[in-house]
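A short worksheet on the structure shown next.
The values are calculated or read from the model by the stated rules, or taken from the named source; none is laboratory data. Note that the structure is predicted; figures quoted are calculated from it, not measured. Every residue, glycine among them, receives a Cβ derived from its backbone with ideal geometry; neighbour counts consider all protein chains shown. With ligands, DNA and RNA removed, areas are computed over all heavy atoms of the protein, side chains included. Shrake-Rupley method; radii C 1.70, N 1.55, O 1.52, S 1.80 Å.
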Amino acid sequence: MIHRIFTVAFFLVLLVSWEVASRSGLWSPVLLPSPLNVLEYMWQATMDGTLVTSTMVTMKRLLLGYGIGLLFGVPLGLLTSRFRILQDTLGLLALGIQTLPSVCWVPLALLWFGQTEAAMLFVVVMGTLWSVLIATSDGVRSMPPIYLRAARTMGSKGLHTWVNVILPASLPYLIGGMKQGWAFAWRSLMAAEIFVTILSGFGLGQLLQYGRELLAMDQVVAVMVIIVAIGLLADRILFSPWERFFHKRWGTGSTN
Amino acid sequence: MKKVTVSLQSELANTSPERIEANNVSKSFTTDRGKVLALDRVSVKVGEGEFLCFVGPSGCGKSTLLNLIAGIDQPDSGQILANGENITGPGRDRMVMFQEHALFPWLDVMGNVLFGLRLKPGLNSKERREVAKYYLHLVGLEKSERANIHELSGGMKQRVALARALAPNPRVLLMDEPFAALDALTREHLYGDIQRIWEARRKTIIFVTHNVREAACLGDRVLLFSPNPGRIRAEFRIELPRPRDINSVELARYSTEITTALKGFTSGQGKEVSE
């Protein structure tokens, strides 16, 4: 309870100082919109549908790209962890590419796919795939080998071992990798949307960029707030329940 | 046991314990310091229903031999037989209990005991649960079936591991220093339990330890191993009634005898073995 109070108080103070700062007249209202202006824009843009449409467009790209990234990243990571030859080849490639900021894929995606949805998707997949692959592979390799030996003596082999031992044993790492992949996907999509305008849909990143072009700072800040909110919400809905479950089962970390 | 189905009864009935035989078995490992001959032409005969202990300092090949019998490793030469048939891999008739409990943290206590049972054909899920409950009861943990592994004490974890190994009703139980990481009091409890369970479930047990007194307390026979290369050096028959008390004077006499022999073989290395 006391933690909640601190949290709420902190953000209230932040908001009030912001409001005070914007009213003080020290900065041009064009550069520093008040929180009320931002809220007003949010309300207006929600009512006329702009915000809802943009969010939907962005989420569709994100989930699709993220999904594809997982679909390839997890199995490839599992395989990489088990075969030395893949570790020395694909694993190394993944490690290298992962250090490349995903916004660097945008020029290449544009040349390959033009200003299309495919270009967006490509950037998101590239942002997700490699980090998920590495996290999965690392996760499996950090599994104590005694689990495999114990399973073998009980008659587990082949697919049964994969499904019932290797996968669950590395789940905590997998969730960590998926979480990281989500953050990477989100970042790369925003970068792509800011850089590239495509006619098939205006996402949140594009809305942000138009805000800048129109000098509509309330729009810029509002979209930023929404991007943060979606990130937080996704963490709470997609990952937190799992993490709490693992902490409880494995006895790692605190549960509250 | 209360109401049980027919197949459940047959499942919980005692299987005949198995005879194990190792003939001229050799096994070497390549380490950073070169090739180590862990077992050098070792031969052992384990009778049906016998409780046999392997004792020796680290590196004497006792665990290696256990792993070969378990089928986790293959010998370089020689053969290992279970009831006259070559052992080619792990089998449900030979279950292993490791020094680290090796329980799966993603499953609760019940899930762990069910793991091996699920791989055994012929039982439906209700019967499997009944069998698992029976063994959890046997090790005194029937109240903890929903507990997570990390919530258990070291002794309880090894009890679950024991229930898990017993659940598929193996004919041989292979125990690799299962109590080495536990405190003395917990260990003493488990000595009683394992003797009681051995008599109730009629298993052939091979028990690896570096604790001489533990071996004298549990074994019908104690085999003494020495390292470099790994060989069996002596054999002791423990002629004491059961259940045996680890603190009894008669038992101390045996363990002194074994320790003396051990020191003779491994002068300078005997420190690793506790009396």
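Would you point out which residue out of A:GLN209, A:GLN180 is away from chain B (no Cβ under 14 Å), in a helix (DSSP H, G or I), more than 30 Å from A:LEU76 (Cβ to Cβ) and among the polar types (S, T, N, Q)?
Result of the check over A:GLN209, A:GLN180: A:GLN209.
Only one residue in A:TRP242, A:TRP250 is over 18 Å from the mean Cα position of the chain (by Cα), over 21 Å from A:LEU36 (Cβ atoms) and not β-branched (Val, Ile, Thr). Which one?
Testing whether each residue is over 18 Å from the mean Cα position of the chain (by Cα), over 21 Å from A:LEU36 (Cβ atoms) and not β-branched (Val, Ile, Thr) leaves just A:TRP250.
Inside the stretch A:188-226, can you point out the residues that are surrounded by fewer than 19 Cβ atoms within 10 Å (Cβ to Cβ) and closer than 15 Å to A:LEU63 by Cβ?
Matches in the stretch A:188-226: A:GLY201 only.
Could you tell me whether the stretch B:68-76 includes any residue that is open to solvent by 10 Å² or more (accessible area, probe 1.4 Å) and within 11 Å of another protein chain (Cβ to nearest Cβ)?
Yes.
Identify the residue in the stretch A:74-93 that is among the hydrophobic types (A, V, I, L, M, F, W, C) and more than 18 Å from A:THR128 (Cα to Cα) and, among all such residues, is least open to solvent (accessible area, probe 1.4 Å).
That would be A:LEU86.
Mind checking which residues of the stretch B:45-62 are touching a residue at least 60 places away in the same chain (Cβ under 8 Å) and surrounded by fewer than 21 Cβ atoms within 10 Å (Cβ to Cβ)?
Result: B:GLY47, B:GLU48, B:GLY49, B:GLU50, B:PRO57, B:SER58, B:GLY59.
Can we say B:LEU81 is modelled with pLDDT of 90 or more, outside any loop (DSSP other than H, G, I, E, B) and surrounded by fewer than 17 Cβ atoms within 10 Å (Cβ to Cβ)?
yes
Can you tell me which residue in the stretch A:227-240 is nearest to A:MET59 (Cα to Cα), limited to those that are without any contact (Cβ under 8 Å) to a residue 24 or more places away in the chain and among the small types (Gly, Ala, Ser)?
Only one residue fits best here, namely A:ALA229.
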